[in-house]
Amino acid sequence: MTDRYCVFGNPIGHSKSPAIHAMFARQTGEDLVYEARLAPLDGFAASVRDFVAEGGRGANVTVPFKEEAFRLCNALSERARLAGAVNTLSFADGRIAGDNTDGAGLVRDLAENLATPLAGRRILLLGAGGAARGALGPLLERRPAALVVANRTAARADELARHFAALGPVRGGGFAELAGEAFDLVVNATSASLAGEAPPLPDGVFAPGALAYDMMYGKGDTAFLALARRLGAARLADGLGMLVEQAAEAFHVWRGVRPETAPVLAALRAA
Ligand code: ATR
């Protein structure tokens, strides 16, 4: 029987995940279907229960349910525990196992698709919400020389940096404190691009050859990437690669096979 998967979110209409997983399934010969499901804002847990009752084997979770998914799980991977959020659920024997593939997807996109080394580099992470939190563990695992978390609300960045201090050289602060510092990689994990806004970055924040990376994506430059271009970032990337890589990682969690991401990313870019 064909195994069933889905992604829960609200809104969910424009999700690319069904198309991505359909391409992965075709490519690997795995017998599965994957659909998008709108969960009511106050009905995430019930939606998950319904899907399990219908025979669902696993699910992805997107905005705004990742923290609630974390609380729903009977078992958590170490990276999900660190992230405090879950984007990948596996259902078996009446139990829910939670994982988080977002940070791994980001690091894989950076390291493989964008050939950007992280070891020994200076990294700036913008934002201190769920997206930033999920990225911190996997980024620190790659042994950067320094990782600075900067946020509109500086105290949240401080708190996040303290939480991850045991894993590497990380510190937090506000945007104003970035004056005079330069970074090899600047990752935007704020939701500012959604409102067409960009964090206020000072001149000189991009070191020569630096990559500006926005976890968001859309047609054309996001507000952050437009700013990065003006500030002289050598390279720009949006979050479409991260989306495909986190999906591949989830596919691997569920099926034990790792799909090739390059043709899928190329197909999405062409569409
Ligand atoms: P997510 O789970 O997507 O990270 P979140 O937890 O609501 O969402 O966090 C949103 C992040 O974007 C926060 O770091 C937020 O800054 P504050 O902590 O100061 O709220 C940041 N953010 C949202 N809009 C922003 C804007 N216009 N400029 C700068 N930062 C913004």
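Output the DSSP H helices from the chain with an along-axis C-alpha extent of no less than 20 Å and a mean Kyte-Doolittle hydropathy no less than 0.0.
Numbers: long enough: 240-255 (22 Å, 0.41).
Helices meeting the criterion: 240-255.
When the expected Rg is taken as 2.2 N^0.38 Å, what fraction or multiple of it is the alpha-carbon Rg of the chain? It would help to have the intermediate numbers written out before the result.
Details: Rg = 18.4 Å, N = 271, 2.2 N^0.38 = 18.5 Å.
Relative to the rule-of-thumb radius for its length, the chain sits at 0.99.
When the chain is fully extended, how far beyond the present Cα-Cα distance does A119 get from L38, taking 0.36 nm per residue of separation? Working shown, then result.
On the way: separation 81, 0.36 × 81 = 29.16 nm, distance 3.95 nm.
Fully extending the segment from A119 to L38 adds 25.2 nm.
If you average the C-alpha positions of the stretch 1-78 and of the stretch 177-242 separately, how far apart do those two centres end up, in angstrom?
Measuring centre to centre over Cα atoms gives 30 Å.
Using amide H atoms built 1.01 Å from N in the peptide plane, name the residues 5+ places from E35, or on other chains, whose amide H lies under 5 Å from its own.
Y5, C6, V7
Roughly how many debye, to the nearest 20, is the charge dipole of the stretch 103-217 about its Cα centre, given +1 on each Lys and Arg Cβ, -1 on each Asp and Glu Cβ, and no other charges?
Numbers: 10 positive and 11 negative charges, 65 e Å.
Charge dipole, the stretch 103-217, about its Cα centre: 320 debye, nearest 20.
Return a whole-number percent for the relative contact order of the stretch 44-155, with Cα pairs under 8 Å and 6 or more residues apart as the contact set. Can you show the working numbers first?
Values: 167 pairs, mean separation 24.0, N = 112.
After rounding, I find 21 percent.
Applying the Karplus parametrisation 6.51 cos²θ - 1.76 cosθ + 1.60 with θ = phi - 60° to the phi angles of the stretch 172-178, what ³J(HN,Hα) value in whole Hz is obtained for each residue in order, glycine and proline being reported as x?
Each residue of the stretch 172-178 in turn: x, x, x, 5, 4, 6, 7 Hz.
Under 5 Å between amide H atoms, partner at least 5 residues away or on a different chain: which partners does G56 have, H built in plane at 1.01 Å?
The answer is none.
Report the Cα-based extents of the stretch 103-238 along its three principal axes, largest first, to the nearest Å.
38, 32, 27
Where does each of D221, D184 land when they are ranked from fewest to most other beta-carbon atoms within 10 angstrom?
Final ranking by Cβ density, sparse to dense: D221, D184.
Calculated from DSSP H runs of 4 or more alone, at -39500 (n - 2.57) each and per residue, what is the 222 nm mean residue ellipticity of the chain, nearest 500? Walk me through the numbers before you get to the answer.
Numbers: 10 runs with 98 residues, N = 271.
That calculation yields -10500 deg cm²/dmol at 222 nm.
Non-local amide H neighbours of R152 (under 5 Å, H modeled in plane, Pro and chain starts lacking H): which ones?
G127
In Å³ and rounded to a whole number, note down the convex hull volume per residue for the Cα atoms of the stretch 76-125. Please list the in-between numbers first.
Working: hull volume 4.8 nm³, N = 50.
Spread over its residues, the Cα hull of the stretch 76-125 gives 96 Å³ apiece.
Every number here is computed from the coordinates shown, using simple stated rules; none is lab data. Source: prediction; values computed, not measured. Note that each Cβ is placed from the backbone with ideal geometry, even for glycine, and that neighbours are counted across all protein chains shown.
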